[in-house]
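Report on one structure; see the data block that follows.
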Amino acid sequence: MLETRRLTAGYGKLRVIEEVTIRVGEKEIVSIVGPNGAGKTTLLNSIMGLADIHGGVILFDNMDITNLKTEKRVTIGLSYSPQMNNVFPNMTVLENLALGAFTRRDIDVKAEIKEIFQLFPELANRAHSKARNLSGGERQMLAIARALMSRPKLLLLDEPTTGLSPKASGALLSKLLEIKKTGVSILLVEQNVDYAMRVADRIYHLASGRVAGEYLPDSPEIKVLTGRFLTGRVPS
């Protein structure tokens, strides 16, 4: 579904990631793990057209989207929930969800929201609440739900468990597995390797802007590296 081939990207003249090659298959959750500053967010921004591409290719659904505008990427099936500023705090849950469907003129928004509430009953109970009044876990669920309103084939998530309690993080990760069952693939950036191992089909380790390894979640190599990721040190 998604493949980057030797992708080099950054901001202006600054190169943050170098020759990154990853792939995401259909109905698959792939996690990108690594310490702060490894280039994880830049990789997602590159896939969404929010960073400057210096080399390489991005393929989505057998289409070269390397130079495609961000809004066009949304219409062909990509959706992104960034780590920060991912909801409109002064709008209600319903209003946030409706805005998530802004690019889709071919769907019944009310029917789509009804389906979203089946997946996120916690949000149904807060439908008329302002986003700023939601708990941290509820806000992250709203951010993901809003991203799903565009009916993506691939959902990009940037550290959705940041700042959440272990209980709230566990509930959110369970939602990701439910989303996968609906046929949506997920590319998940997650600094907590333990969390990544719980949901991912495959894991890429990004360090100093490059892919340092690709692992299955039950591989002994990724388990050995877990503690180093959690302390934020770049594995040697």
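Per-residue answers, yes or no, for (1) in contact with a Ser or Thr (Cβ under 8 Å, 6 or more places away or on another chain); (2) of a type in the set (Gly, Ala, Ser):
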{"residue": "ALA9", "(1), (2)": "yes, yes"}
{"residue": "ARG15", "(1), (2)": "yes, no"}
{"residue": "ALA38", "(1), (2)": "yes, yes"}
{"residue": "LEU50", "(1), (2)": "yes, no"}
{"residue": "ASN67", "(1), (2)": "no, no"}
{"residue": "SER81", "(1), (2)": "no, yes"}
{"residue": "THR92", "(1), (2)": "yes, no"}
{"residue": "LEU97", "(1), (2)": "no, no"}
{"residue": "LYS110", "(1), (2)": "no, no"}
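I'm checking my understanding of the structure. Among residues of segment 184-213 that are more than 15 Å from the chain's Cα centre (by Cα) and part of a loop (DSSP other than H, G, I, E, B), which one is modelled with the highest pLDDT?
Here the answer is GLY209.
Determine whether segment 78-99 contains at least one residue that is at pLDDT 95 or above, touching a Gly at 6+ places or on another chain (Cβ under 6 Å) and buried (at least 17 other Cβ atoms within 10 Å of the Cβ).
No, that holds for no residue.
Do you know which of the residues in segment 54-68 that are in a loop (DSSP other than H, G, I, E, B) and either in contact (Cβ under 8 Å) with a residue 40 or more places away in the chain or among the β-branched types (Val, Ile, Thr) (or both) is nearest to LEU14 (Cα to Cα)?
Checked segment 54-68; the qualifying residue nearest to LEU14 (Cα to Cα) is THR66.
Tally the residues that are at pLDDT 95 or above, crowded, with 24+ Cβ neighbours inside 10 Å and part of a loop (DSSP other than H, G, I, E, B), restricting the search to segment 24-38.
0
Going through segment 140-160 one residue at a time, which ones are surrounded by fewer than 23 Cβ atoms within 10 Å (Cβ to Cβ), in contact with a helix residue (DSSP H, G or I) (Cβ under 7 Å, 6 or more places away or on another chain), not hydrophobic (A, V, I, L, M, F, W, C) and not in a strand (DSSP E or B)?
Residue satisfying the conditions is SER150 alone.
Could you go through segment 115-135 and let me know if any residue there is of a type in the set (Val, Ile, Thr) and either in contact with a strand residue (DSSP E or B) (Cβ under 7 Å, 6 or more places away or on another chain) or free of Cβ contacts under 8 Å to residues at least 12 places away in the same chain (or both).
no
Looking only at segment 72-89, decide whether some residue is closer than 23 Å to PRO160 by Cβ, without any contact (Cβ under 8 Å) to a residue 40 or more places away in the chain and among the hydroxyl-bearing types (Ser, Thr, Tyr).
No, because not a single residue in segment 72-89 is closer than 23 Å to PRO160 by Cβ, without any contact (Cβ under 8 Å) to a residue 40 or more places away in the chain and among the hydroxyl-bearing types (Ser, Thr, Tyr).
Sort out which residues of segment 101-120 are polar (S, T, N, Q) and at pLDDT 90 or above, and write them in order of number.
GLN118, the sole residue that qualifies.
Restricting to segment 1-23, name every residue that is free of Cβ contacts under 8 Å to residues at least 24 places away in the same chain, over 25 Å from LYS153 (Cα atoms) and assigned to a strand (DSSP E or B).
Selection gives LEU14 alone.
Would you point out the residue of segment 185-198, among those that are crowded, with 21+ Cβ neighbours inside 10 Å and of a type in the set (A, V, I, L, M, F, W, C), that is farthest from VAL33 (Cα to Cα)?
Here the residue is ILE186.
The values are calculated or read from the model by the stated rules, or taken from the named source; none is laboratory data. All values reported here derive from a predicted model rather than from experimental measurement. A quick note on method: Cβ atoms are made from the backbone with ideal geometry, for glycine too, and the neighbour counts reach across all protein chains shown.
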